[in-house]
Amino acid sequence: MTPTDPTSIEPFPAGLAATPRDADGRYRYRLYVDGRFVDPAGGRWMDTEDPVAGSVWARVPRATSADADAAVEAARRALVAGAWRTLNASQRGALLRRLGDLIAANAEWLARVEMKDNGKLYAELVMQMRYMANYYYYYGGLADKVEGTVIPSDKPGVFNYTKLEPAGVVVCIMPWNSPLPLTSLKLAPALAAGCTVVLKPSEFTSASLLEFVKLVEAAGFPAGVVNVVTGPGAEIGEALVSHPRVDRIAFTGGPDAGRAIAEQAARHMKRVTMELGGKSPNIVFDDADPDDALKGVVAGIFAASGQSCVAGSRLLVQNTIREAFVRRLVEFVSAARFGHPADAATQIAPISTRPQMDKIERYVGIAKAEGARLVCGGARASVPGWPDGLFYRPTIFDGVHNAMRIAQEEVFGPVLAVIGFDTEDEAVEIANDTRYGLAAGVWTTSIRRALTMADRIRAGTVWINNYRMTSTTSPFGGFGMSGVGREGGIAGIREYLEVKSVWVSTATEFPNPFVRR
(Lines give C-alpha, C1' and ligand atoms only; values in the text may rest on other atoms or scores of the structure.)
Protein backbone atom coordinates (compact mmCIF):
# COMPACT_ATOMS: atom_id res chain seq x y z
CA MET A 1 0.00 0.00 0.00
CA THR A 2 1.19 3.48 -0.81
CA PRO A 3 0.95 6.30 1.75
CA THR A 4 -1.80 7.90 -0.34
CA ASP A 5 -3.88 4.71 -0.59
CA PRO A 6 -7.30 5.64 0.85
CA THR A 7 -7.96 2.02 1.81
CA SER A 8 -5.36 2.41 4.59
CA ILE A 9 -5.69 4.60 7.68
CA GLU A 10 -1.93 5.07 7.65
CA PRO A 11 0.20 7.11 7.64
CA PHE A 12 -1.02 8.92 10.72
CA PRO A 13 -0.76 12.72 10.55
CA ALA A 14 2.46 14.30 11.76
CA GLY A 15 2.41 14.95 15.48
CA LEU A 16 -0.29 12.35 16.23
CA ALA A 17 0.52 9.08 17.94
CA ALA A 18 -0.03 5.96 15.85
CA THR A 19 -2.67 3.56 17.10
CA PRO A 20 -0.94 0.31 18.14
CA ARG A 21 -1.63 -3.04 16.53
CA ASP A 22 -2.08 -6.48 18.05
CA ALA A 23 0.08 -9.41 16.98
CA ASP A 24 -2.48 -10.28 14.27
CA GLY A 25 -2.14 -6.81 12.73
CA ARG A 26 -5.47 -5.43 13.94
CA TYR A 27 -5.57 -2.03 15.57
CA ARG A 28 -6.32 -1.86 19.30
CA TYR A 29 -8.02 1.29 20.54
CA ARG A 30 -8.33 2.73 24.05
CA LEU A 31 -10.82 4.99 25.79
CA TYR A 32 -10.10 8.70 26.08
CA VAL A 33 -10.82 9.98 29.60
CA ASP A 34 -9.53 13.09 31.37
CA GLY A 35 -6.99 13.86 28.66
CA ARG A 36 -5.47 10.36 28.51
CA PHE A 37 -5.96 7.18 26.48
CA VAL A 38 -6.74 4.39 28.95
CA ASP A 39 -7.73 0.72 28.90
CA PRO A 40 -11.33 -0.16 29.82
CA ALA A 41 -11.80 -1.00 33.47
CA GLY A 42 -13.12 -4.45 32.66
CA GLY A 43 -10.26 -5.27 30.31
CA ARG A 44 -12.57 -6.20 27.44
CA TRP A 45 -12.56 -5.19 23.76
CA MET A 46 -14.99 -5.67 20.85
CA ASP A 47 -14.19 -6.58 17.26
CA THR A 48 -15.10 -4.03 14.60
CA GLU A 49 -15.52 -5.02 10.96
CA ASP A 50 -14.53 -3.51 7.65
CA PRO A 51 -17.85 -3.86 5.75
CA VAL A 52 -16.05 -4.01 2.40
CA ALA A 53 -13.85 -6.96 3.29
CA GLY A 54 -16.35 -8.43 5.73
CA SER A 55 -13.58 -9.04 8.26
CA VAL A 56 -12.31 -7.65 11.56
CA TRP A 57 -9.82 -4.81 11.20
CA ALA A 58 -9.73 -3.31 14.71
CA ARG A 59 -10.72 -3.78 18.33
CA VAL A 60 -12.42 -1.09 20.39
CA PRO A 61 -12.92 -0.96 24.17
CA ARG A 62 -16.01 -2.42 25.80
CA ALA A 63 -16.40 0.12 28.57
CA THR A 64 -18.12 -0.49 31.90
CA SER A 65 -20.15 1.66 34.27
CA ALA A 66 -16.86 2.40 36.05
CA ASP A 67 -15.51 3.90 32.81
CA ALA A 68 -18.70 5.90 32.36
CA ASP A 69 -18.36 7.24 35.88
CA ALA A 70 -14.71 8.18 35.32
CA ALA A 71 -15.55 10.05 32.11
CA VAL A 72 -18.47 11.93 33.66
CA GLU A 73 -16.45 12.85 36.73
CA ALA A 74 -13.62 14.11 34.51
CA ALA A 75 -16.10 16.24 32.58
CA ARG A 76 -17.60 17.56 35.83
CA ARG A 77 -14.19 18.54 37.21
CA ALA A 78 -13.30 20.33 33.98
CA LEU A 79 -16.61 22.17 34.10
CA VAL A 80 -16.43 23.46 37.66
CA ALA A 81 -12.76 23.63 38.61
CA GLY A 82 -10.46 23.09 35.66
CA ALA A 83 -8.67 25.32 33.16
CA TRP A 84 -11.74 25.23 30.91
CA ARG A 85 -13.73 27.20 33.47
CA THR A 86 -11.16 30.02 33.47
CA LEU A 87 -11.31 30.51 29.68
CA ASN A 88 -13.51 33.30 28.41
CA ALA A 89 -15.84 32.83 25.44
CA SER A 90 -13.35 34.31 22.96
CA GLN A 91 -10.67 31.88 24.11
CA ARG A 92 -13.09 28.96 23.73
CA GLY A 93 -13.85 30.17 20.24
CA ALA A 94 -10.15 30.29 19.37
CA LEU A 95 -9.76 26.63 20.44
CA LEU A 96 -12.70 25.63 18.27
CA ARG A 97 -11.28 27.43 15.25
CA ARG A 98 -7.92 25.76 15.85
CA LEU A 99 -9.67 22.40 15.84
CA GLY A 100 -11.36 23.39 12.59
CA ASP A 101 -7.97 24.07 11.06
CA LEU A 102 -6.70 20.65 12.13
CA ILE A 103 -9.78 18.96 10.65
CA ALA A 104 -9.33 20.80 7.36
CA ALA A 105 -5.65 19.86 7.21
CA ASN A 106 -6.38 16.19 7.93
CA ALA A 107 -9.68 15.72 6.08
CA GLU A 108 -8.36 12.99 3.80
CA TRP A 109 -7.02 10.98 6.73
CA LEU A 110 -10.31 11.32 8.63
CA ALA A 111 -12.16 10.20 5.50
CA ARG A 112 -9.96 7.10 5.23
CA VAL A 113 -10.64 6.12 8.83
CA GLU A 114 -14.39 6.69 8.54
CA MET A 115 -14.50 4.73 5.27
CA LYS A 116 -12.65 1.82 6.86
CA ASP A 117 -15.09 1.85 9.75
CA ASN A 118 -18.46 2.17 7.98
CA GLY A 119 -17.82 1.68 4.26
CA LYS A 120 -19.16 4.99 2.99
CA LEU A 121 -17.93 6.34 -0.35
CA TYR A 122 -14.53 7.99 0.04
CA ALA A 123 -15.47 10.72 -2.46
CA GLU A 124 -18.41 11.76 -0.28
CA LEU A 125 -16.49 11.40 2.97
CA VAL A 126 -13.68 13.69 1.83
CA MET A 127 -16.22 16.41 1.06
CA GLN A 128 -17.95 15.82 4.39
CA MET A 129 -14.72 15.99 6.37
CA ARG A 130 -13.59 19.16 4.65
CA TYR A 131 -16.97 20.73 5.29
CA MET A 132 -16.97 19.47 8.88
CA ALA A 133 -14.34 22.07 9.74
CA ASN A 134 -17.05 24.70 9.16
CA TYR A 135 -18.95 23.52 12.22
CA TYR A 136 -16.00 24.47 14.41
CA TYR A 137 -15.41 27.73 12.57
CA TYR A 138 -19.09 28.67 12.81
CA TYR A 139 -19.55 27.87 16.47
CA GLY A 140 -16.06 29.15 17.29
CA GLY A 141 -17.16 32.49 15.89
CA LEU A 142 -20.49 32.29 17.72
CA ALA A 143 -18.98 31.47 21.12
CA ASP A 144 -18.44 35.09 22.20
CA LYS A 145 -21.67 36.35 20.66
CA VAL A 146 -23.98 34.57 23.07
CA GLU A 147 -25.67 37.47 24.83
CA GLY A 148 -28.18 37.94 27.59
CA THR A 149 -30.80 40.68 27.73
CA VAL A 150 -31.85 43.57 29.95
CA ILE A 151 -35.51 43.17 30.92
CA PRO A 152 -37.68 46.33 30.92
CA SER A 153 -39.15 45.29 34.25
CA ASP A 154 -42.56 46.45 35.43
CA LYS A 155 -41.32 46.29 39.03
CA PRO A 156 -40.02 49.54 40.57
CA GLY A 157 -36.60 49.79 42.17
CA VAL A 158 -35.06 46.82 40.42
CA PHE A 159 -32.60 46.06 37.62
CA ASN A 160 -33.36 42.72 35.93
CA TYR A 161 -31.14 41.05 33.35
CA THR A 162 -30.55 37.55 31.96
CA LYS A 163 -27.39 35.52 31.42
CA LEU A 164 -26.89 32.46 29.22
CA GLU A 165 -24.77 29.83 30.93
CA PRO A 166 -23.49 26.36 29.94
CA ALA A 167 -26.01 23.58 30.43
CA GLY A 168 -23.30 21.52 32.16
CA VAL A 169 -21.99 18.03 31.41
CA VAL A 170 -23.37 16.76 28.10
CA VAL A 171 -23.49 13.16 26.89
CA CYS A 172 -23.55 12.89 23.09
CA ILE A 173 -24.57 9.54 21.57
CA MET A 174 -23.99 9.01 17.85
CA PRO A 175 -25.10 6.39 15.28
CA TRP A 176 -22.95 4.41 12.87
CA ASN A 177 -23.94 5.96 9.54
CA SER A 178 -22.07 9.30 9.82
CA PRO A 179 -20.09 9.22 13.08
CA LEU A 180 -17.85 12.28 12.71
CA PRO A 181 -20.26 14.75 11.03
CA LEU A 182 -23.01 13.89 13.51
CA THR A 183 -20.53 14.21 16.39
CA SER A 184 -19.62 17.70 15.16
CA LEU A 185 -23.28 18.77 15.06
CA LYS A 186 -23.31 18.20 18.82
CA LEU A 187 -19.75 18.76 19.97
CA ALA A 188 -19.08 22.13 18.32
CA PRO A 189 -22.09 24.00 19.78
CA ALA A 190 -21.72 22.29 23.18
CA LEU A 191 -18.11 23.44 23.49
CA ALA A 192 -18.95 26.91 22.20
CA ALA A 193 -21.57 27.17 24.94
CA GLY A 194 -18.94 26.24 27.56
CA CYS A 195 -20.16 22.72 28.30
CA THR A 196 -17.96 19.68 28.82
CA VAL A 197 -18.71 16.51 26.92
CA VAL A 198 -18.68 12.72 27.04
CA LEU A 199 -18.95 11.22 23.55
CA LYS A 200 -20.38 7.75 23.02
CA PRO A 201 -20.16 6.47 19.41
CA SER A 202 -21.94 3.42 18.04
CA GLU A 203 -20.27 0.18 19.04
CA PHE A 204 -20.05 -0.62 15.31
CA THR A 205 -18.14 2.54 14.32
CA SER A 206 -16.06 3.76 17.23
CA ALA A 207 -12.62 3.91 15.60
CA SER A 208 -13.04 7.15 13.68
CA LEU A 209 -14.03 9.07 16.81
CA LEU A 210 -11.14 7.61 18.81
CA GLU A 211 -8.82 8.85 16.05
CA PHE A 212 -10.58 12.22 15.81
CA VAL A 213 -10.12 12.93 19.51
CA LYS A 214 -6.37 13.05 18.86
CA LEU A 215 -7.05 16.26 16.93
CA VAL A 216 -9.09 17.61 19.86
CA GLU A 217 -6.10 16.98 22.09
CA ALA A 218 -3.70 18.55 19.57
CA ALA A 219 -5.90 21.66 19.40
CA GLY A 220 -5.19 22.28 23.09
CA PHE A 221 -8.49 21.57 24.82
CA PRO A 222 -7.91 21.07 28.55
CA ALA A 223 -8.12 17.58 30.04
CA GLY A 224 -11.64 16.39 30.79
CA VAL A 225 -13.41 18.77 28.41
CA VAL A 226 -13.90 16.04 25.80
CA ASN A 227 -14.02 12.35 26.72
CA VAL A 228 -14.80 9.25 24.64
CA VAL A 229 -16.20 5.96 25.95
CA THR A 230 -17.24 3.06 23.74
CA GLY A 231 -19.42 -0.01 24.07
CA PRO A 232 -22.94 -1.34 23.46
CA GLY A 233 -25.72 1.16 23.99
CA ALA A 234 -27.61 -1.11 26.36
CA GLU A 235 -24.56 -1.16 28.62
CA ILE A 236 -22.45 1.97 28.48
CA GLY A 237 -25.11 4.20 26.92
CA GLU A 238 -27.55 3.47 29.71
CA ALA A 239 -24.86 4.07 32.34
CA LEU A 240 -24.10 7.50 30.86
CA VAL A 241 -27.71 8.60 30.41
CA SER A 242 -28.71 7.60 33.94
CA HIS A 243 -25.62 9.10 35.58
CA PRO A 244 -26.73 11.69 38.17
CA ARG A 245 -23.88 14.08 37.28
CA VAL A 246 -24.92 14.37 33.62
CA ASP A 247 -27.03 17.43 32.79
CA ARG A 248 -27.89 17.07 29.13
CA ILE A 249 -28.33 14.34 26.50
CA ALA A 250 -27.90 14.72 22.74
CA PHE A 251 -28.80 11.62 20.75
CA THR A 252 -29.08 10.58 17.12
CA GLY A 253 -30.49 7.14 16.38
CA GLY A 254 -33.69 5.13 16.16
CA PRO A 255 -37.02 5.93 17.87
CA ASP A 256 -36.98 2.85 20.12
CA ALA A 257 -33.60 3.77 21.60
CA GLY A 258 -34.67 7.42 21.72
CA ARG A 259 -37.78 6.56 23.69
CA ALA A 260 -35.75 4.55 26.20
CA ILE A 261 -33.24 7.38 26.60
CA ALA A 262 -36.01 9.95 27.04
CA GLU A 263 -37.61 7.83 29.77
CA GLN A 264 -34.30 7.49 31.61
CA ALA A 265 -33.54 11.19 31.24
CA ALA A 266 -37.00 12.13 32.52
CA ARG A 267 -36.34 10.35 35.81
CA HIS A 268 -33.59 12.90 36.50
CA MET A 269 -35.30 15.82 34.66
CA LYS A 270 -32.48 15.99 32.11
CA ARG A 271 -32.97 17.99 28.94
CA VAL A 272 -32.66 16.07 25.68
CA THR A 273 -32.09 16.79 22.01
CA MET A 274 -32.96 13.88 19.75
CA GLU A 275 -32.93 13.20 16.03
CA LEU A 276 -34.70 9.90 15.51
CA GLY A 277 -34.88 9.29 11.78
CA GLY A 278 -37.79 9.40 9.40
CA LYS A 279 -39.86 7.98 6.59
CA SER A 280 -39.46 10.98 4.37
CA PRO A 281 -41.62 11.55 1.27
CA ASN A 282 -39.96 12.60 -1.99
CA ILE A 283 -42.85 13.98 -4.06
CA VAL A 284 -42.66 14.24 -7.85
CA PHE A 285 -45.37 16.18 -9.69
CA ASP A 286 -46.01 15.79 -13.40
CA ASP A 287 -44.73 19.31 -14.12
CA ALA A 288 -41.29 18.58 -12.58
CA ASP A 289 -38.12 18.58 -14.66
CA PRO A 290 -37.88 14.80 -15.25
CA ASP A 291 -34.09 14.58 -15.27
CA ASP A 292 -33.62 16.64 -12.13
CA ALA A 293 -36.38 14.75 -10.33
CA LEU A 294 -34.86 11.40 -11.30
CA LYS A 295 -31.45 12.39 -9.93
CA GLY A 296 -33.07 13.84 -6.81
CA VAL A 297 -34.91 10.61 -6.09
CA VAL A 298 -31.71 8.58 -6.55
CA ALA A 299 -29.78 10.96 -4.29
CA GLY A 300 -32.53 10.76 -1.70
CA ILE A 301 -32.61 7.00 -1.26
CA PHE A 302 -29.63 5.31 -2.93
CA ALA A 303 -26.83 7.69 -1.95
CA ALA A 304 -25.02 6.27 1.11
CA SER A 305 -26.89 3.03 0.33
CA GLY A 306 -30.00 4.53 1.91
CA GLN A 307 -28.30 4.70 5.30
CA SER A 308 -29.34 8.26 5.99
CA CYS A 309 -31.81 9.67 8.49
CA VAL A 310 -33.27 11.92 5.78
CA ALA A 311 -33.53 9.18 3.15
CA GLY A 312 -36.42 9.82 0.77
CA SER A 313 -37.64 6.27 1.25
CA ARG A 314 -41.22 7.00 0.12
CA LEU A 315 -41.46 8.11 -3.51
CA LEU A 316 -44.77 9.79 -4.20
CA VAL A 317 -45.27 10.12 -7.97
CA GLN A 318 -48.23 11.72 -9.70
CA ASN A 319 -50.06 8.94 -11.52
CA THR A 320 -49.96 10.74 -14.88
CA ILE A 321 -46.20 10.11 -15.07
CA ARG A 322 -45.76 7.29 -12.59
CA GLU A 323 -45.28 4.35 -14.96
CA ALA A 324 -42.75 6.16 -17.18
CA PHE A 325 -40.89 7.65 -14.22
CA VAL A 326 -40.53 4.33 -12.41
CA ARG A 327 -39.32 2.66 -15.61
CA ARG A 328 -36.58 5.29 -16.05
CA LEU A 329 -35.67 5.01 -12.37
CA VAL A 330 -35.25 1.24 -12.59
CA GLU A 331 -33.04 1.60 -15.69
CA PHE A 332 -30.91 4.24 -13.96
CA VAL A 333 -30.21 2.39 -10.70
CA SER A 334 -29.81 -1.00 -12.39
CA ALA A 335 -26.72 0.40 -14.10
CA ALA A 336 -25.18 1.72 -10.86
CA ARG A 337 -21.63 0.53 -10.23
CA PHE A 338 -20.64 -1.48 -7.16
CA GLY A 339 -17.10 -1.57 -5.87
CA HIS A 340 -14.70 -0.54 -3.15
CA PRO A 341 -15.74 2.85 -1.72
CA ALA A 342 -12.20 4.13 -2.27
CA ASP A 343 -12.64 3.72 -6.06
CA ALA A 344 -13.81 6.97 -7.65
CA ALA A 345 -15.91 4.95 -10.13
CA THR A 346 -17.92 3.26 -7.36
CA GLN A 347 -21.49 4.49 -6.87
CA ILE A 348 -22.90 1.87 -4.50
CA ALA A 349 -20.96 1.25 -1.29
CA PRO A 350 -21.63 -1.56 1.22
CA ILE A 351 -24.09 -1.68 4.06
CA SER A 352 -22.24 -0.60 7.20
CA THR A 353 -23.04 -3.45 9.59
CA ARG A 354 -24.19 -7.07 9.54
CA PRO A 355 -27.22 -6.42 11.76
CA GLN A 356 -28.31 -3.69 9.35
CA MET A 357 -27.96 -6.05 6.39
CA ASP A 358 -30.18 -8.54 8.22
CA LYS A 359 -32.75 -5.82 8.87
CA ILE A 360 -32.86 -4.82 5.20
CA GLU A 361 -33.41 -8.42 4.10
CA ARG A 362 -36.14 -8.80 6.69
CA TYR A 363 -38.01 -5.73 5.44
CA VAL A 364 -37.72 -6.82 1.82
CA GLY A 365 -39.43 -10.04 2.85
CA ILE A 366 -42.12 -8.09 4.70
CA ALA A 367 -42.80 -5.92 1.64
CA LYS A 368 -43.21 -8.97 -0.58
CA ALA A 369 -45.56 -10.60 1.93
CA GLU A 370 -47.69 -7.45 2.06
CA GLY A 371 -48.17 -7.51 -1.70
CA ALA A 372 -45.77 -4.77 -2.82
CA ARG A 373 -44.41 -5.42 -6.33
CA LEU A 374 -40.64 -5.80 -6.54
CA VAL A 375 -39.41 -4.11 -9.73
CA CYS A 376 -35.70 -3.82 -8.97
CA GLY A 377 -33.09 -5.37 -6.67
CA GLY A 378 -34.25 -7.23 -3.60
CA ALA A 379 -31.05 -9.23 -3.06
CA ARG A 380 -27.44 -9.02 -2.00
CA ALA A 381 -24.87 -8.10 -4.62
CA SER A 382 -21.72 -10.08 -5.35
CA VAL A 383 -18.85 -7.69 -6.02
CA PRO A 384 -15.69 -8.97 -7.73
CA GLY A 385 -12.70 -8.73 -5.42
CA TRP A 386 -14.87 -8.37 -2.34
CA PRO A 387 -16.83 -11.62 -2.04
CA ASP A 388 -17.51 -11.16 1.68
CA GLY A 389 -18.52 -7.50 1.44
CA LEU A 390 -21.89 -6.35 2.75
CA PHE A 391 -23.31 -5.12 -0.57
CA TYR A 392 -27.05 -4.90 -1.32
CA ARG A 393 -28.73 -4.04 -4.59
CA PRO A 394 -30.81 -0.84 -4.93
CA THR A 395 -34.35 -2.08 -4.35
CA ILE A 396 -37.63 -0.59 -5.60
CA PHE A 397 -41.15 -1.68 -4.69
CA ASP A 398 -44.05 -0.34 -6.76
CA GLY A 399 -47.74 -0.62 -5.98
CA VAL A 400 -47.18 0.32 -2.36
CA HIS A 401 -50.04 1.53 -0.16
CA ASN A 402 -49.13 3.95 2.60
CA ALA A 403 -50.52 1.63 5.28
CA MET A 404 -47.93 -1.03 4.46
CA ARG A 405 -45.05 -1.47 6.89
CA ILE A 406 -42.58 -0.76 4.07
CA ALA A 407 -44.16 2.72 3.87
CA GLN A 408 -44.43 3.35 7.60
CA GLU A 409 -41.31 1.87 9.19
CA GLU A 410 -37.74 3.03 8.67
CA VAL A 411 -35.65 0.43 6.82
CA PHE A 412 -32.45 2.51 6.72
CA GLY A 413 -31.18 0.91 3.55
CA PRO A 414 -31.44 1.16 -0.26
CA VAL A 415 -35.13 0.26 -0.34
CA LEU A 416 -37.67 2.58 -2.02
CA ALA A 417 -41.47 2.38 -1.71
CA VAL A 418 -43.33 3.91 -4.69
CA ILE A 419 -46.79 5.34 -4.01
CA GLY A 420 -48.99 6.96 -6.64
CA PHE A 421 -51.21 10.00 -6.16
CA ASP A 422 -53.57 12.09 -8.29
CA THR A 423 -53.99 15.48 -6.64
CA GLU A 424 -51.98 17.91 -4.55
CA ASP A 425 -54.30 17.33 -1.60
CA GLU A 426 -53.79 13.57 -1.85
CA ALA A 427 -50.01 14.02 -1.95
CA VAL A 428 -50.13 16.10 1.24
CA GLU A 429 -52.36 13.58 2.96
CA ILE A 430 -50.04 10.68 2.13
CA ALA A 431 -46.89 12.66 2.98
CA ASN A 432 -48.20 13.55 6.44
CA ASP A 433 -49.66 10.10 7.16
CA THR A 434 -46.68 8.89 9.20
CA ARG A 435 -45.48 9.10 12.79
CA TYR A 436 -42.28 10.75 11.51
CA GLY A 437 -41.64 14.27 10.26
CA LEU A 438 -37.95 14.77 9.55
CA ALA A 439 -37.71 15.80 5.90
CA ALA A 440 -39.48 15.93 2.56
CA GLY A 441 -38.70 16.71 -1.06
CA VAL A 442 -40.96 18.41 -3.62
CA TRP A 443 -40.27 18.41 -7.36
CA THR A 444 -42.26 20.93 -9.38
CA THR A 445 -41.75 23.94 -11.65
CA SER A 446 -44.71 25.76 -10.08
CA ILE A 447 -43.67 28.39 -7.53
CA ARG A 448 -47.19 28.43 -6.11
CA ARG A 449 -47.19 24.66 -5.61
CA ALA A 450 -43.68 24.64 -4.16
CA LEU A 451 -44.46 27.24 -1.49
CA THR A 452 -47.86 25.72 -0.73
CA MET A 453 -46.43 22.24 -0.28
CA ALA A 454 -43.65 23.59 1.97
CA ASP A 455 -46.34 25.10 4.20
CA ARG A 456 -48.57 22.03 4.29
CA ILE A 457 -46.02 19.23 4.83
CA ARG A 458 -45.22 18.50 8.46
CA ALA A 459 -41.45 18.08 8.42
CA GLY A 460 -38.48 19.85 9.93
CA THR A 461 -36.82 20.27 6.52
CA VAL A 462 -38.49 20.62 3.11
CA TRP A 463 -36.33 20.60 0.00
CA ILE A 464 -37.73 22.13 -3.20
CA ASN A 465 -36.12 20.75 -6.38
CA ASN A 466 -33.13 19.46 -4.41
CA TYR A 467 -32.58 16.79 -1.77
CA ARG A 468 -30.20 15.92 1.11
CA MET A 469 -28.65 19.39 1.32
CA THR A 470 -27.62 20.65 4.79
CA SER A 471 -25.54 23.49 6.21
CA THR A 472 -23.97 24.38 9.53
CA THR A 473 -25.88 27.67 9.36
CA SER A 474 -29.34 26.07 9.13
CA PRO A 475 -31.34 24.32 11.88
CA PHE A 476 -32.03 20.61 11.46
CA GLY A 477 -34.49 18.40 13.31
CA GLY A 478 -37.92 16.85 13.05
CA PHE A 479 -41.56 16.73 14.06
CA GLY A 480 -43.30 13.86 15.83
CA MET A 481 -41.25 10.69 16.26
CA SER A 482 -38.41 12.26 14.27
CA GLY A 483 -37.17 13.92 17.41
CA VAL A 484 -36.96 16.82 19.83
CA GLY A 485 -34.98 20.04 19.44
CA ARG A 486 -32.74 21.30 16.66
CA GLU A 487 -29.12 20.97 15.63
CA GLY A 488 -27.21 23.43 13.44
CA GLY A 489 -27.41 27.20 13.12
CA ILE A 490 -28.01 29.53 16.05
CA ALA A 491 -30.74 27.15 17.23
CA GLY A 492 -28.04 24.52 17.77
CA ILE A 493 -26.17 26.40 20.48
CA ARG A 494 -29.35 27.25 22.38
CA GLU A 495 -29.79 23.56 23.15
CA TYR A 496 -26.65 23.74 25.33
CA LEU A 497 -27.45 26.92 27.24
CA GLU A 498 -29.46 27.70 30.36
CA VAL A 499 -31.13 31.06 30.96
CA LYS A 500 -30.48 32.70 34.33
CA SER A 501 -32.49 35.70 35.48
CA VAL A 502 -30.71 38.15 37.83
CA TRP A 503 -32.60 40.72 39.95
CA VAL A 504 -30.64 43.63 41.44
CA SER A 505 -32.42 45.94 43.84
CA THR A 506 -31.91 49.69 43.33
CA ALA A 507 -34.43 50.65 46.02
CA THR A 508 -33.32 52.86 48.93
CA GLU A 509 -35.13 50.71 51.50
CA PHE A 510 -36.52 47.16 51.70
CA PRO A 511 -40.34 47.10 51.55
CA ASN A 512 -42.74 45.07 53.73
CA PRO A 513 -41.15 41.56 53.89
CA PHE A 514 -44.56 39.89 54.50
CA VAL A 515 -45.98 40.97 51.14
CA ARG A 516 -44.72 39.71 47.81
CA ARG A 517 -43.79 42.53 45.47
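Numerical summary
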| read-out | value |
| --- | --- |
| Interchain or long-range residues, amide H under 5 Å from Ile419's placed H | Leu315, Leu316, Val317 |
| Zone residues, region 477-509, relative to Asn466, backbone N less than 16 Å from point 7 Å out along Cα-to-Cβ | 489 |
| Distance histogram in 10 Å bins (all Cα pairs of the chain, percent per bin) | 4, 18, 27, 25, 16, 7, 2, 1, 0 |
| Sorted peptide list for 491-501, 101-111, 335-345, 309-319, criterion being average Cβ within 10 angstrom, highest first | 309-319, 101-111, 491-501, 335-345 |
| Net dipole in debye of region 257-301 [+1 Lys, Arg Cβ; -1 Asp, Glu Cβ; about Cα centre; nearest 20] | 740 debye |
| Debye intensity ratio in log₁₀ form over the Cα atoms of region 275-419, taken at each q of 0.17 Å⁻¹ | -0.91 |
| Dipole axis of the chain (+1 Lys, Arg; -1 Asp, Glu on Cβ), positive-most option in Ala439, Gly231, Ser153 | Ser153 |
| Share of carbon and sulfur in the accessible heavy-atom surface of region 123-181 [1.4 Å probe, %] | 59 percent |
| Solvent exposure of region 405-517 as accessible area per residue, Å², 1.4 Å probe | 51 Å² |
| For region 393-449 and region 97-122, distance of Cα centres in Å | 33 Å |
| For Phe159, distant residues with modelled amide H under 5 Å away | Val504, Ser505, Thr506 |
| Nitroxide proxy distance, nm - points 7 Å out along Cα→Cβ at Ala41 and Thr506 | 5.3 nm |
| Accessible area of region 194-263 belonging to carbon and sulfur atoms, whole % at 1.4 Å probe | 54 percent |
| Accessible area (Å², per residue) of region 25-140, counting only protein heavy atoms and a probe of 1.4 Å | 38 Å² |
| Surface per residue (accessible, 1.4 Å probe) for region 260-337, Å² | 38 Å² |
| Whole-angstrom gap from region 281-304 to region 452-472, using each part's C-alpha centre | 13 Å |
| Dipole moment magnitude, nearest 20 debye, the chain about Cα centre, only Lys, Arg, Asp, Glu C-beta charged | 1100 debye |
| Counting DSSP beta bridges with both ends in region 388-517, the antiparallel % (nearest 5) | 10 percent |
| Alpha carbon centroid spacing (whole Å) that separates region 316-341 from region 153-212 | 40 Å |
| Dipole magnitude of region 103-171 about its Cα centre (Cβ charges: Lys, Arg +1; Asp, Glu -1), debye to nearest 20 | 60 debye |
| Inter-site label distance for Ile490 and Thr445 at 7 Å from Cα along Cβ, in nm | 3.8 nm |
| From the C-alpha gyration tensor of region 1-96, square roots of 5λ in Å | 31, 21, 10 |
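The values are calculated or read from the model by the stated rules, or taken from the named source; none is laboratory data. Just so it is clear, the model here is predicted, and its values are computed rather than measured. No Cβ is skipped: glycine too gets one built from the backbone with ideal geometry, and neighbour counts run over all protein chains shown. All accessible areas refer to the heavy atoms of the entire protein, side chains included, with ligands and DNA or RNA removed. Shrake-Rupley method; radii C 1.70, N 1.55, O 1.52, S 1.80 Å.
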